[in-house]
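Enquirer: I have a structure here, written as structure tokens, and I will follow up with some questions on it.
The values are calculated or read from the model by the stated rules, or taken from the named source; none is laboratory data. The structure presented is a predicted model; accordingly, all values stated were derived computationally and were not measured. Methodologically, a virtual Cβ is constructed for each residue, glycine included, from the backbone with ideal geometry; neighbour enumeration extends over all protein chains shown. These accessible areas exclude ligands, DNA and RNA; they are computed on the full protein's heavy atoms, side chains included. Shrake-Rupley method; radii C 1.70, N 1.55, O 1.52, S 1.80 Å.
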Amino acid sequence: MVESAVLAGNSVQSKIRSKKSQSKRVVLVIWMALVNYYERSVVKRAMNVCQWTKWEKWNNGNDPHRIALFADPQIMDNYSYPGRPWIVNYFTQKVLDNYHKRNWNYVQNKLDPDSTIFLGDLFDGGRNWDDEDWYVEYTRFNSIYSKKANRKTIMTLPGNHDIGFGETVNVTSLERFKTFFGPTSSVHELGNHTIVLLDTISLSDYSNEAVTKDPRQVLESLADYKTDENPRILLTHVPLYRFPDSQKCGPLRESTKKFPIMKGLQYQTVIDHELSQDILSKVRPKLVFSGDDHDYCHITHPYKYQGQDKTAEEITVKSCSMNMGIKYPAIQLLSLNNPTSSQQQDEDETYKTNICYMPQPFRAIKAYISWAIINTILFLVVFLAPYHWAIITNKINAIVSSQSNKYSLPIAEVTQTSYTPTLTQERDVLGFFINGGIVIVSVLMIFAIYFNAF
């Protein structure tokens, strides 16, 4: 009876050991499928929802000029989370960089905009770095947002995290930004529209003419009215002034609070009212796009030009980053269709715009953490089962032996057989950690492959 129990125990142990390698393969296959789903399938689905033809619907048969607007990437650096352990910051940066790079590549390859324009705050601590550190982050930024051939990419508009704000603009950071990215205020003709990038941050410096000279010159050059001019679209990092009690942001804003009107060290949530009105009256835009706030906001600005009442729509574009305090990062898509006089003009509208949501970042992280916890439980059960079975078998043997002794003759010598775990079984705990380490390394390799696929 004792021997049969031992044989049964060995049989069970043998079956469990034979399934260990199979279990590891199944776990890794599931990891591969999970990572592929969140890092590829989910992103493709988001891009399919944003496809131009699903929302622009032009009827004149002309090819529109398509623009993607990216606001506030603010790539993470040592200034982002100074209180966290370095190892946490290291992995956090890898996750954030992957989110940026992955989304960027899918936008460029699947949506394929003719032009892509950034709305400032390219970096998080850019205004604080010395030249050596700044260049390292500049190289990293360009490795994430690599330019596509035969497509226009404009990164010249700075944010307050890049250069500061107003009278606290860091002149060294401003000049460095200009050197590497180009003039911070500029005018571009795209899709028969005049796109005005205006450095309203520098324009808000009322004491240093050297800082305000370039954006003021661009602004003044737009003041004269021309009858044959194209419709104008203004791009600014910081939103123009508004009155939150009457100018509501609309249903696409995540926050239920009013748009904040405040200022502090090296930031201001809106451009001053007087300067905002001066900008509107001289640029005379049909549409304004801004960033900085991280959340969506769509309002109408009233202003006067030569005594006449005018209006301009402003859309504050959501941040494209996953760590800017919003649940649904997004970019803004802009389709321009303004036919020339020789082309057919069937519509008064010359532009259409649509929000394009990026994949929800924390849904993937939750899935990875949940599956990692399940992995741990499975490994505890599968890889430590033989060790626990040996203990249970010994207890069964002891009970069987004691029952057998009750029926033995007094003069008979009873030979008791006890079951001793084999050396392999004693090493099952060590095997658990070894196998667990193999799986962890394999999973990290899967992430590394997907994170560096582009």
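Enquirer: How far apart, in nm, are the 7 Å Cα→Cβ label points at Ile365 and Arg40?
Expert: It works out to 2.4 nm between the two label points.
Enquirer: Can you tell me the length gained on complete extension of the stretch Glu189 to Trp86, counting 0.36 nm per residue apart and subtracting the Cα distance? Working shown, then result.
Expert: Working: separation 103, 0.36 × 103 = 37.08 nm, distance 4.54 nm.
Here the segment from Glu189 to Trp86 would lengthen by 32.5 nm.
Enquirer: For the range 136-207, which trypsin sites (Lys or Arg not before Pro) are both in a DSSP coil and crowded by at most 12 other Cβ atoms within 10 Å?
Expert: Details: sites: Arg140, Lys147, Lys148, Arg151, Lys152, Arg176, Lys178; in loops: Lys147, Lys148, Arg151.
In loop regions of the range 136-207 (DSSP not H, G, I, E or B), the sparsely surrounded trypsin sites (Lys or Arg not before Pro) are Lys147.
Enquirer: Would you please give the residues with an amide H less than 5 Å from that of Thr116, counting only those at least 5 places away or on a separate chain, with H modeled from the backbone geometry?
Expert: Long-range HN contacts for Thr116: Ala68, Lys152, Thr153, Ile154.
Enquirer: Also, quick follow-up: Could you state how much accessible area Met262 has, in square angstrom rounded to the nearest 10, with a 1.4 Å probe and all protein chains kept in place?
Expert: 100
Enquirer: In addition: For a Förster distance of 30 Å, can you work out the FRET efficiency between the beta-carbons of Asp348 and Thr179, rounded to the nearest 0.05?
Expert: Using R0 = 30 Å, I get an efficiency of 0.10.
Enquirer: 5 Å is the cut-off here: which amide hydrogens, built 1.01 Å from N in the peptide plane, fall below it relative to His301, excluding neighbours closer than 5 in sequence?
Expert: When sequence neighbours closer than 5 places are left aside, the close amide H contacts are Ala312, Glu313, Glu314.
Enquirer: Taking the Cα centre of each part, how many Å lie between the range 97-168 and the range 209-251?
Expert: With the range 97-168 and the range 209-251 each reduced to a Cα centre, they are spaced 22 Å.
Enquirer: Then there is this: How much area per residue is accessible in the range 55-359 when the probe is 1.4 Å and only protein heavy atoms are counted (Å²)? It would help to have the intermediate numbers written out before the result.
Expert: On the way: 13250 Å² over 305 residues.
Counting only protein heavy atoms, the per-residue value for the range 55-359 is 43 Å².
Enquirer: Roll a 1.4 Å probe over the protein heavy atoms and report the accessible area of His65 in Å², nearest 10.
Expert: 40
Enquirer: When you have a sec, figure out the Kirkwood radius of the range 184-235 from all distinct Cα pair distances and drop it here in Å to one decimal?
Expert: Details: mean 1/r = 0.0854 Å⁻¹.
Roughly 11.7 Å, rounded to one decimal.
Enquirer: Moving on to the next point. Residues with beta-carbon under 14 Å from that of Ala312, excluding Ala312: net charge, scoring Lys, Arg +1 and Asp, Glu -1? Display every interim value, and only then the final one.
Expert: Working: positive: Arg232, Arg242, Lys282, Arg284, Lys286, Lys304, Lys310; negative: Asp278, Asp309, Glu313, Glu314.
Net charge in that neighbourhood comes out at +3.
Enquirer: Using the Cα centre of the range 55-359 as the reference point, and only Cβ charges (+1 on K/R, -1 on D/E), how large is the resulting charge dipole? Debye, rounded to the nearest 20.
Expert: Numbers: 33 positive and 41 negative charges, 175 e Å.
Computed charge dipole of the range 55-359: roughly 840 debye.
Enquirer: Simple spin-label model, 7 Å along Cα-to-Cβ: Ser281 to Asn48 in nm?
Expert: 5.2
Enquirer: What net charge is computed for the residues neighbouring Leu111, neighbours being all others with C-beta under 12 Å from the C-beta of Leu111, Lys and Arg scored +1, Asp and Glu -1?
Expert: Here the count lands on +3.
Enquirer: Pop out the carbon and sulfur fraction of the accessible area of the range 55-359 as a percent, whole number, probe 1.4 Å. Each step should come with its number before you reach the end.
Expert: Working: 6490 of 13250 Å².
Here it works out to 49 percent.
Enquirer: A further question follows. If we count every other residue with Cβ under 14 angstrom of Asn142's Cβ, Lys/Arg +1 and Asp/Glu -1, where does the sum land? Mind dumping the intermediate values first?
Expert: Working: positive: Lys101, Arg140, Lys147, Lys148; negative: Asp97, Glu137.
Taking every other residue near Asn142 into account, the sum is +2.
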